[in-house]
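The values are calculated or read from the model by the stated rules, or taken from the named source; none is laboratory data. Since the model is a prediction, treat every value here as computed from it, not as a measurement. Heads up, the Cβs are rebuilt from the backbone with ideal geometry, glycines too, and the neighbour counts pull from every protein chain shown. When the accessible area is computed, the model is the full protein with side chains, heavy atoms only, and any ligands, DNA or RNA have been set aside. Shrake-Rupley method; radii C 1.70, N 1.55, O 1.52, S 1.80 Å.
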Protein chains: 2
Amino acid sequence: MSERLVVIGGDAAGMSAASQARRLKKPAELEIVAFERGSFTSYSACGIPYWVSGAVPERDDLIARTPEEHRARDIDLRMRTEVTEIDPAGRRVRARDLDSGAEGWTAYDKLVIATGARPLRPPLPGIDAPGVHGVQNLGDGQALLDTLEATEGRRAVVVGAGYIGLEMAEALLRRGYEVTVVNRGEQPMSTLDPDMGRLVDAAMSGMGVTMVNDTEVTAVLTGDDGRARAVATKDAEFPADVVVLGIGVEPETELARAAGLPVGEHGGLLTDLSMRVRGPVADGAIWAGGDCVEVLDLVWGRERHIALGTHANKHGQVIGANVGGGYATFPGVVGTAVSKVCDLEIARTGLREKDARAAGLQYVTVTIESTSRAGYYPGAAPMTVKMLAERRTGRLLGTQIVGREGAGKRVDVAAVALTAGMTVEQMTALDLGYAPPYSPVWDPVLVAARKATAAVRAA
Amino acid sequence: MSERLVVIGGDAAGMSAASQARRLKKPAELEIVAFERGSFTSYSACGIPYWVSGAVPERDDLIARTPEEHRARDIDLRMRTEVTEIDPAGRRVRARDLDSGAEGWTAYDKLVIATGARPLRPPLPGIDAPGVHGVQNLGDGQALLDTLEATEGRRAVVVGAGYIGLEMAEALLRRGYEVTVVNRGEQPMSTLDPDMGRLVDAAMSGMGVTMVNDTEVTAVLTGDDGRARAVATKDAEFPADVVVLGIGVEPETELARAAGLPVGEHGGLLTDLSMRVRGPVADGAIWAGGDCVEVLDLVWGRERHIALGTHANKHGQVIGANVGGGYATFPGVVGTAVSKVCDLEIARTGLREKDARAAGLQYVTVTIESTSRAGYYPGAAPMTVKMLAERRTGRLLGTQIVGREGAGKRVDVAAVALTAGMTVEQMTALDLGYAPPYSPVWDPVLVAARKATAAVRAA
């Protein structure tokens, strides 16, 4: 007897789940229906800044798998079809064809919610004016490129200084714009501690980006033609031929909430470790993954909302295994993120100081300077590594790195050590790869771990 | 009452130990005497190929700390002074000034043996002829550079295809030589499995190096002037204006063995976890570290000899802490190594297939192809990742990577996972840094871990 799996959302989590389930179950055993309200499937939103910059030539380069490719794998994919209601008691969803307007119910035995996240868009005057662009999906990217094409002026204002804001600042720099980043926080990259964020601030300024921190945008000012002409703050106006919003996202869970499914304090769906939505309403038949869920932070010990393609893909794999009759779990995250802005590499994992305090943890913190290669080797680039360790136990709590080439991915060592619950003293003995083109004889992460070990002993 | 620490060997392990001990104990508490038979201290032997290639301009760039700098830190350093005997019962060493010939005994309360390793030099006809060079120390490097300077011909033969041999091949290529590598093994890099070694072989050939594998050198042939003119094997002669030996090293432990100290099956000194030499002869007063000791392989569960500067530095730190009245241990290694030859990156950690068999382990193995960056991101370079996991338990046993820029240091993730005893299935959930310039959405190491997980389930 055949079952039906319904998937809401055709990007990373949803289509990974569908594909993995299809690998495990033949069409005769499991029918798979997927609804996507947009025009694209399985694309890399993370790649949009590089498409805008011109580094990635074509939009389709960002598409990992097209609707046709999914259909060829026996997934009944309905594009431009929006799910408007979930009826968990009736085990069915209502969907509307956005072109024809036709609407109808589809029954499910198992449901995957992968509705993603939506960009924050504060209700400011002028925020919807032509010339103001988000960069959440491929349509947004195309709209921005169209504006850049049509605009003669060369002044760009980016609102927000998280990784998307900074990557967009680079993209616009590369296209020859004068770029101003207007940022609510005291430093860019609020995912770092302020001292590390200041390093990013200095580096961005060094690249020629005008950084305006600690400033709230009050309006987008428009010209006689109705188009955005400047970004206004309480104290100033920043002329803009184009405005890019990079102020973060929130889980897209209205549909799920309307159905009575449980969401956490960040608005994301709450699941168990197999990515099955918790509680009696879901009744064990609904899974969720990707940017619409909250995930367990293994260091903090509570749920967080982290919108990242790599997590979405993992969730999809886990869901697909479980709905396909296998077994897999997603144990949680440690909060790893890396970004690259021109030649600046920015990385973090685990807790910041304020996170540790909020988590009730006492900690020591150290910061060291080192280089990406042996000091004598050509191209050795400086990097700063900050490390947090728990007081008394010495357990690693977090690591932040700001540097140049070769800095960013070093955070992976700390990410694995965090996952394993290592102390900073245990880390000092880690057998990391050493050769002069790759590292000083003491890897920068080990230098930080040594200093943190001493700090724990002294605390 | 003051104690005296005597250190034999003025490079990484010995001088790290001396320096760390000095940090912990003032001269009034601890006198430190160090003997070095050569003319340099604390230098990077690993950097010699880059000095020979010209990438590192000056010999002194490779010296981390000069004799004068050590003396300024209240270490009584005796250069060009060779220890000729250790008398553990009398707690004294006999040393000879190589210039004056003066010889005498120095008493110790604590002794550190850091005599390093010596290059293997098979007893072949012509092996000592002018024009044949090892690259073990700075003197060797200078002698080779002098030969290159004085030689008109442009044909170089490198004997040995381990990481030193291949790095020297690159150095000579960069200097404009026609380079032939003569290798006893079937593939270069015997620290890799043969299938991965073949990738290195192909890449080396692609760079224009003539790779001659599976061939034993029978002699170095000399000309009328007594200088090396060719390297002979059973079947062929390879004309050579210069010959470089890169055939590995063995622990330099004659002195220690003559004193009755215990060595392992690879000829290295055997220590406890605090790096103190085992057994009644040492009587708890002798420590050893660096290239002259064997270290515990945490995956294999037995001692191995691994000559690497990064280990030597760690040993020195641990010894210095312990002889300085603190406490530290060196738990062992997992066998991580990275090399770079032109733009080829080669990395390994843990066990090869033949090691796993020798260790009595049953395993599965998988090999995957991936890229260093998102496929659409400029500069995405291919890499091959091989992974071994234990049958049934799924515990990671080893990882080998061959690729281009961005491949090598990825092995660190596997090194930490090995140290933590993770299974490949646990690894699939690792929260590694993702952004398009750094990685595909599934990091290559995770792709390998996923495939290995499936292989473990199927085995």
(message) Please go through (1) buried (at least 24 other Cβ atoms within 10 Å of the Cβ); (2) of a type in the set (D, E, K, R); (3) modelled with pLDDT under 95 for residue A:343 and return the number of the only condition it doesn't satisfy.
(response) (1)
(request) May I ask you to list the residues in the stretch A:245-280 that are closer than 20 Å to residue A:328 by Cα and open to solvent by 30 Å² or more (accessible area, probe 1.4 Å)? (result) A:272, A:273, A:276, A:278, A:279
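Being in contact with a helix residue (DSSP H, G or I) (Cβ under 6 Å, 6 or more places away or on another chain) and either among the charged types (D, E, K, R) or closer than 20 Å to residue B:251 by Cβ (or both) narrows it down to one residue among B:93, B:112; which is it? Break it down into steps so the answer makes sense when it comes.
On the way: B:93 fails: in contact with a helix residue (DSSP H, G or I) (Cβ under 6 Å, 6 or more places away or on another chain).
Every option except B:112 fails the conditions.
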(message) Residue under question is residue A:403, and the condition is that it be facing another protein chain (nearest Cβ under 8 Å) and under 20 Å from residue A:191 (Cβ atoms); does it hold?
(response) no
(message) On the basis of being open to solvent by less than 60 Å² (accessible area, probe 1.4 Å) and touching a residue at least 60 places away in the same chain (Cβ under 8 Å), does residue B:5 make the cut?
(response) yes
(request) Identify the residue in the stretch A:110-125 that is at pLDDT 95 or above and outside any loop (DSSP other than H, G, I, E, B) and, among all such residues, is nearest to residue A:38 (Cα to Cα). (result) A:117
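Could you please let me know if residue B:127 is under 27 Å from residue B:274 (Cα atoms) and surrounded by 14 or more Cβ atoms within 10 Å (Cβ to Cβ)?
Working: under 27 Å from residue B:274 (Cα atoms): no; surrounded by 14 or more Cβ atoms within 10 Å (Cβ to Cβ): yes.
No.
Taking the stated definitions as given, is residue B:441 crowded, with 22+ Cβ neighbours inside 10 Å, assigned to a loop (DSSP other than H, G, I, E, B), in contact with a Gly (Cβ under 6 Å, 6 or more places away or on another chain) and within 12 Å of chain A (Cβ to nearest Cβ)?
Values: crowded, with 22+ Cβ neighbours inside 10 Å: yes; assigned to a loop (DSSP other than H, G, I, E, B): yes; in contact with a Gly (Cβ under 6 Å, 6 or more places away or on another chain): yes; within 12 Å of chain A (Cβ to nearest Cβ): yes.
In short, yes.
Is there a residue being open to solvent by 50 Å² or more (accessible area, probe 1.4 Å) and more than 10 Å from every other protein chain (Cβ to nearest Cβ) anywhere in the stretch B:377-390?
Taking the stretch B:377-390 first, the residues open to solvent by 50 Å² or more (accessible area, probe 1.4 Å) are B:378-379, B:382.
Next, from what is left, pick out any that are more than 10 Å from every other protein chain (Cβ to nearest Cβ): B:382.
Yes, that holds for at least one residue.
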(message) I'd like the full set of residues that are facing chain A (nearest Cβ under 10 Å), within 30 Å of residue B:3 (Cα to Cα) and open to solvent by less than 30 Å² (accessible area, probe 1.4 Å), limited to the stretch B:322-340.
(response) B:328, B:330, B:332
(request) With the checklist (1) within 12 Å of chain A (Cβ to nearest Cβ); (2) open to solvent by 20 Å² or more (accessible area, probe 1.4 Å); (3) of a type in the set (S, T, N, Q) in hand, flag the one item residue B:393 doesn't pass. (result) (1)
(message) All but one of (1) more than 9 Å from chain A (Cβ to nearest Cβ); (2) farther than 29 Å from residue B:302 by Cβ; (3) not in a loop (DSSP other than H, G, I, E, B); (4) not basic (Lys, Arg) hold for residue B:446; state the number of the condition that does not hold.
(response) (1)
(request) Could you check residue B:1 against (1) within 14 Å of chain A (Cβ to nearest Cβ); (2) more than 30 Å from residue B:258 (Cα to Cα); (3) at pLDDT below 95 and say which number it fails? (result) (1)
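So which of B:225, B:283, B:214, B:235 is open to solvent by 40 Å² or more (accessible area, probe 1.4 Å), closer than 26 Å to residue B:321 by Cα, in a loop (DSSP other than H, G, I, E, B) and acidic (Asp, Glu)? Please lay out each step first, then the result.
Details: B:225 fails: closer than 26 Å to residue B:321 by Cα; B:214 fails: closer than 26 Å to residue B:321 by Cα; B:235 fails: closer than 26 Å to residue B:321 by Cα.
Matching residue, one of B:225, B:283, B:214, B:235: B:283.
Tally up the residues in the stretch A:269-278 that are in contact with a helix residue (DSSP H, G or I) (Cβ under 6 Å, 6 or more places away or on another chain) and farther than 14 Å from residue A:323 by Cβ, please. Walk me through how you get there before you give the answer.
First, pick out the residues of the stretch A:269-278 that are in contact with a helix residue (DSSP H, G or I) (Cβ under 6 Å, 6 or more places away or on another chain): A:269, A:274-275.
From what's left, farther than 14 Å from residue A:323 by Cβ: A:269.
Number satisfying all stated conditions: 1.
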(request) Give the stretch B:178-202 a look and list any residue that's among the polar types (S, T, N, Q) and either out of contact with any Ser or Thr (no Cβ under 6 Å at 6 or more places or on another chain) or buried (at least 24 other Cβ atoms within 10 Å of the Cβ) (or both), or say none. (result) B:183, B:187, B:190, B:191
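When residues of the stretch B:93-115 are filtered for being free of Cβ contacts under 8 Å to residues at least 60 places away in the same chain and either buried (at least 17 other Cβ atoms within 10 Å of the Cβ) or among the small types (Gly, Ala, Ser) (or both), how many remain?
Taking the stretch B:93-115 first, the residues free of Cβ contacts under 8 Å to residues at least 60 places away in the same chain are B:94, B:96-97, B:99-105.
Next, from what is left, pick out any that are either buried (at least 17 other Cβ atoms within 10 Å of the Cβ) or among the small types (Gly, Ala, Ser) (or both): B:96, B:100-102, B:104.
Here the count works out to 5.
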(message) For the stretch B:5-109, give me every one of the strands (runs of 3 or more DSSP E) that falls completely inside it and has 1 or more residues that are within 29 Å of the chain's Cα centre (by Cα) and under 30 Å from residue B:339 (Cβ atoms).
(response) B:30-36
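Would you point out which residue out of B:156, B:171, B:161 is part of a loop (DSSP other than H, G, I, E, B) and open to solvent by less than 10 Å² (accessible area, probe 1.4 Å)? Explain how you work it out, then say what you get.
Working: B:156 fails: part of a loop (DSSP other than H, G, I, E, B); B:171 fails: part of a loop (DSSP other than H, G, I, E, B).
Result of the check over B:156, B:171, B:161: B:161.
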(request) Quick one: residue B:296 ticks every box in (1) part of a strand (DSSP E or B); (2) more than 9 Å from every other protein chain (Cβ to nearest Cβ); (3) open to solvent by less than 10 Å² (accessible area, probe 1.4 Å) except a single one, so which number is it? (result) (3)
(request) Go over the candidates A:193, A:140 one by one and state the one that is under 17 Å from residue A:120 (Cβ atoms), under 20 Å from the mean Cα position of the chain (by Cα) and acidic (Asp, Glu). (result) A:140
(message) Please go through the stretch A:411-434 and give me each residue that is facing chain B (nearest Cβ under 7 Å), touching a strand residue (DSSP E or B) at 6+ places or on another chain (Cβ under 6 Å) and within 15 Å of residue B:409 (Cα to Cα), ordered by number.
(response) A:411, A:415, A:431, A:433
(message) Please go through the stretch A:404-438 and give me each residue that is in a helix (DSSP H, G or I) and either of a type in the set (Asp, Glu) or not assigned by TED's automatic domain parsing to the domain that holds residue A:379 (or both), ordered by number.
(response) A:412, A:425
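For (1) assigned to a loop (DSSP other than H, G, I, E, B); (2) farther than 15 Å from residue B:396 by Cβ, each residue gets a yes or a no:
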| residue | (1), (2) |
| --- | --- |
| B:328 | yes, yes |
| B:340 | no, yes |
| B:355 | no, no |
| B:360 | yes, yes |
| B:370 | no, yes |
(message) Of everything in the stretch B:8-49, what is crowded, with 24+ Cβ neighbours inside 10 Å and not hydrophobic (A, V, I, L, M, F, W, C)? Give them in sequence order.
(response) B:9, B:10, B:11, B:14, B:16, B:36, B:41, B:43, B:44, B:47, B:49
(message) I need the full set of residues from the stretch B:346-374 which are open to solvent by less than 40 Å² (accessible area, probe 1.4 Å), among the hydroxyl-bearing types (Ser, Thr, Tyr) and either away from chain A (no Cβ under 14 Å) or touching a Leu at 6+ places or on another chain (Cβ under 7 Å) (or both), in order please.
(response) B:349
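Does residue B:408 qualify as being open to solvent by less than 10 Å² (accessible area, probe 1.4 Å), at pLDDT 95 or above, out of contact with any Ser or Thr (no Cβ under 7 Å at 6 or more places or on another chain) and within 7 Å of chain A (Cβ to nearest Cβ)?
Working: open to solvent by less than 10 Å² (accessible area, probe 1.4 Å): yes; at pLDDT 95 or above: yes; out of contact with any Ser or Thr (no Cβ under 7 Å at 6 or more places or on another chain): yes; within 7 Å of chain A (Cβ to nearest Cβ): yes.
Taking the combined requirement at face value, the residue satisfies it.
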